[in-house]
Amino acid sequence: MTGVWGTRLGRAAVVFGLMMALVAPAAAQAPQKGPDALTPPPVVDPKKVETTPVTPGAPATSAFAPDELTLSPVPVLTISGSSSWEDAYDKLVEAVRKADTELKRLGLTQAGQVFVMYNTSDDRGFDYEVQVPFSGTTTQKPAEPMKLGGSFAGKVLRFVHTGSFGDMDNTYEQIANYLDEKNIEQNDLYIERYRTDLLTASPEALEIEILVPLP
């Protein structure tokens, strides 16, 4: 799996490799003999350990089963940018705040939930488009690098993530497994639609639709 998911899943492989490096030296030590010998602790086989991280006290993630729907295009103000994975949430909030300010300058009104489209990604970060739906008309052009346009249109699978922004890796991993199991091809375009307001909600209490475009 490539794109946003491939980058996130790659981190899990690095963590598993570090676990193996720590366990191997303990397994190689032979127990001492004699009355004063210490009994080494039992070595846990990492293949039997569940490695999916779980944040204590975090709200449960509900991603399945997905439903299929068709999105109709709506007018949006789009702002594009790039971010590292560490700064992802702050960058998205900043982009939404700039778009909100620009809509007010143009005399337009937000009229729907914010979309975030992930275009490309690697180990260092990703490129995104934040799209804010609006109503009204204007004769002015938005300030660069923002632009007026239309949102994505077409069939998508809709999954739902509820909880922390930092726990979304788990949801994306479940989605990747689901698509593999169902043999569903994906074109590396992923869309998030925020049911909660990024400008007011806590990053620990979000409700996000993850939309997977279908071929």
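The values are calculated or read from the model by the stated rules, or taken from the named source; none is laboratory data. If you're wondering where the values come from, they're calculated on a predicted model, not measured in any experiment. Neighbour counts run over all protein chains shown; Cβ positions are idealised from the backbone, glycine included. Each accessible area value is taken on the protein alone, full model and side chains, heavy atoms only, with ligands, DNA and RNA left out. Shrake-Rupley method; radii C 1.70, N 1.55, O 1.52, S 1.80 Å.
For segment 71-187, a Kirkwood hydrodynamic radius built from all Cα pairs, placed in the Stokes-Einstein relation at 4 °C and 1.567 mPa s, yields a translational diffusion coefficient of 82 µm²/s.
Between the amide H of residue 157 and those of 212, 214, distances stay under 5 Å, these residues lying 5 or more places away or on another chain, with hydrogens modeled in the peptide plane. How much accessible area does residue 91 have with a 1.4 Å probe, in Å² rounded to the nearest 10? Ignoring ligands and nucleic acids, residue 91 comes out at about 70 Å². The GluC sites (Glu not before Pro) of segment 74-139 that DSSP puts in a loop, and whose beta carbon has at most 15 other beta carbons within 10 Å, are 86.
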